[in-house]
Amino acid sequence: MSGGKRITILSKEEEKYLYDIPDLTNNERMVLFELTDADRKQIDKLPDEAVKINYILQLGYFRATNFLFNLGSFAQTLEKSDNITSGL
């Protein structure tokens, strides 16, 4: 299908809303990233802080969107994790 046009179903804004990591309010973060005892047991089994942070971020964002995200580099992940590292 060379030279064909692609059908556009979603606008760029709609794609961003559906597929980008959501911007959460402080209240949403407190609820979505709150850890249960079962969550803490799983986190305690993980090998290091970077993996634990990634797990918590994926968990919270999954609760918000039902999607898993590529969180990018470790530096970007740490930037997103400011509110959760104090609980480790």
Set ASP44, ASP37, ASP48: member being loosely packed, with under 10 Cβ neighbours inside 10 Å and in contact with a helix residue (DSSP H, G or I) (Cβ under 9 Å, 6 or more places away or on another chain):
ASP44
Considering only residues that are surrounded by 16 or more Cβ atoms within 10 Å (Cβ to Cβ) and in a loop (DSSP other than H, G, I, E, B), look in segment 51-88 and name the one that is modelled with the lowest pLDDT.
ILE84
Suppose we filter segment 1-24 for residues that are surrounded by 10 or more Cβ atoms within 10 Å (Cβ to Cβ) and at pLDDT below 90; how many remain?
9
Just to be sure I understand the filter: pairs with C-beta atoms under 7 Å, separated by 6 or more residues or on different chains, first member in segment 29-50 and more than 18 Å from PHE62 (Cβ to Cβ), second member outside any loop (DSSP other than H, G, I, E, B). Which pairs pass?
ALA50/PHE74
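The values are calculated or read from the model by the stated rules, or taken from the named source; none is laboratory data. Predicted model, so just to flag it, every value in this text is computed and none were measured. Note that we place each Cβ from the backbone using ideal geometry, even for glycine, and neighbour counts take in every protein chain shown.
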